[in-house]
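See below for the structure under consideration.
The values are calculated or read from the model by the stated rules, or taken from the named source; none is laboratory data. Since we're looking at a predicted model, the values are computed, not measured. When we count neighbours, we look across all protein chains shown, and the Cβ atoms used for this are built from the backbone with ideal geometry, even at glycine. Surface areas here come from the heavy atoms of the whole protein model, side chains and all, with no ligands, DNA or RNA. Shrake-Rupley method; radii C 1.70, N 1.55, O 1.52, S 1.80 Å.
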Amino acid sequence: MSPCASPLFFVPPLLSKKLYIKTYGCQMNVYDSARMADVMAPLGYRPTETATDADLIILNTCHIREKAEEKVYSDLGRIRKAHARKEGTGERALIAVGGCVGQAEGEEILRRAPYVDMVFGPQSYHNLPDMVMRAQRDGGHVVNLDFAPQPKFDSLPDQSSPQGPSAFLSVQEGCDKFCTFCVVPYTRGAEYSRPAADIEAEARRLVERGALEITLLGQNVNAWHGAGETGDWTLGQLIRRLAEISGLERIRYMTSHPRDMDDSLIAAHGEVEKLMPFLHLPVQSGSDSVLARMNRKHKVDFYLGIIEKLSKARPDIALSSDFIVGFPGETDIEFAATMKLVETVGFAQSYSFKYSPRPGTPAAIVEEQVPEEVKTERLVQLQALITRQQVAFNRSKLGQTMPVLFDRAGKLEDQLIGKSQYMQSVHVRDASAYSGKIVDVTITGAYQNSLAGEIHQPHARRQNVG
Ligand code: 5AD
Ligand code: SF4
C-alpha cells in the first residue's frame, strides 16, 4: 500500500482546519470514518467533536433500513443551521454525505438538500482531498460514486490516528449473496478481499500503536479469500497468520454468513487461542420457507449443524445473530419457527429488526407485506426472548474470573469499562491503572447489558505490563 499514491498528499498543511464526522450504522462505517480522517490529516484537518465549529462536515451514512436513511435527512436539516451560522461569520463550511446513503441516493441528496456540497460512496472516500479542493475552488456540487474498492485500499495512507487497544481492520468489502431484503450488494458492490500481506502489515502497525485486540471487518468477512504466500488463503489461514503477531492478544471477525463457515475456520476456533470465543453469525429467520424467500442459501438444519461443529471445537463459544421479523409473507407459523430456533440455540445476545422495504431490492416489491402492527407484535415477542437469554448468559458468568480488555473510561470517577472474551461490557471501579490492558476480573454483578466486576489480581497480566 503506497502512503503517497496521490500527489495531493504532498500538499503541506496550511492552516489547521476542523473536521467533524458523524458515523451511522455498522463497524465498517466506524473504520471508514477513521480512514477518512487519515486521508484529510495531510491537508491540515483535525477532528472536532461538534459540527458547529467545523470547516468540513461529513455524514458517513447507513442505508440498511429506512429509519437509518431518514435520520440522515433530519440531521442534515439541523446541520444546515450550523452551516448558515458558519457562513454568517464569512467562513465557508463544506457539507458532505458519504457512505451507503450517498452511494444509493446520489444526486437525489442534492435535490432534497441543495446545501450539501459533496456526495460520495463507500468506495470513493480516498478521493476526498480532491473532492474538497474541487468544491472549494468551483463552489459547485461534487458527486463521486466510483465503485471499485481496490483503488481505495491501494491509495489510502497508513493509519495515522491510533485506534486504541481495540482496533478495527477492514479485510473484505461488498457482498455477492443478494439476500432479497438487503441493499448491501448495491451500495457496497461486489465482494472484494484485500491481499493477506496488506492485512498483516496493517495489523502489525495497529499493534505497534497499542492495539491488543483486532476485529477483522467485512460485510461477508468469512467469504474472505486472498492471495497468501502459499496460494489462495481462507479466513482461517489468515487468522492463524495474524495470531503469530507478538503483542496481539485477541482476534475477532464480523459479520459472517453461515454458508462461508468452512472447516478450517471452525477448527481455528478450537486451535487458535487468540481467536475469541464469540461469533456473530446472523441467521435472520428460523423458517426454511422464509430463508428460501430471503435467498439466504442455507436452511435451519445447516445453521444448527455449524453451531454444533463450533461448539465441539470451542465448547464455551458464545453466539449472536441478527433476525428480521415480518419479512414479506411471514406467517404466524413461520415466525413461531424463529422463536423455536432461538430457544434451541440460546444466544448470548442478538439484534432483531422489523423488515424494512429497501428501494431496488426484490423483497420490497412483493405484494404480501406484513402489516406494521403484526411486525411490532412479533418484534416485542422475539426481543423479550432474546433479552431473557442475554440475562441468563450474563448471570452464568457470576463468580467467574475472566480476562477483560479495558478499552474505555466509565461515567463514574475511576471506573473503567472493558470487554470480556464473550463481548460483554464489564464495569470495574478503582481500576484506572489498568486502562488499555487485559486484566483478570472476578464477576460480581450481572445485568441485561453489562457485568460488574472487581480486579482479580493486583497486577496486569505479564505480557501487558509496561
Ligand atoms: N429490513 C430489516 N432489517 C434488515 N437488515 C438488513 N436489511 C434489512 C431490511 N431491509 C438487517 C439484517 C442484517 C442486519 C445488518 O440488518 O438482519 O443482518
Ligand atoms: Fe446483505 Fe449479509 Fe445477505 Fe450480503 S449476506 S446480502 S450483506 S444480509
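Among the protein heavy atoms, those of LYS354 account for about 60 Å² of accessible surface (1.4 Å probe, every chain in place). Consider a paramagnetic label point 7 Å from the Cα of THR376 along Cα→Cβ; state which residues of the range 318-337 have an amide N under 12 Å from it. Those under the cut-off are none; the list is empty.
The calculated FRET efficiency for GLU271 paired with ASP198, based on their beta-carbon distance and R0 = 25 Å, is about 0.55.
Pairs LYS67/LYS354; LYS274/LYS309; LYS177/LYS299; LYS411/LYS437; LYS67/LYS419; LYS354/LYS419: which exceed 21 Å Cα-Cα? With Cα atoms farther than 21 Å apart: LYS67/LYS419; LYS354/LYS419. Using only Cα atoms, locate the centre of the range 402-418 and the centre of the range 121-199, then give the distance between them in Å, rounded to an integer. Taking the Cα centre of each part, the range 402-418 and the range 121-199 sit 32 Å apart. A 1.4 Å probe over all protein chains sorts GLU367, GLU91, GLU330 by accessible area into GLU367, GLU91, GLU330, starting with the largest. With R₀ fixed at 51 Å, the C-beta to C-beta distance from ASP332 to ARG137 puts the FRET efficiency at about 0.25. Protection proxy ranking for 21-27, 371-377, 142-148, 73-79, using the average of other Cβ atoms within 10 Å per residue and placing the highest first: 21-27, 142-148, 73-79, 371-377. Relative to the current alpha-carbon distance between GLU413 and GLU343, full extension at 0.36 nm per residue lengthens the span by 21.2 nm. Label sites at GLN27 and ASP301, each approximated as a point 7 angstrom past Cα along Cα to Cβ, lie 3.2 nm apart.
May I ask you to give the percent of accessible area on the chain that is carbon plus sulfur, with a probe radius of 1.4 Å? Carbon-and-sulfur percentage of accessible area, whole number: 53.
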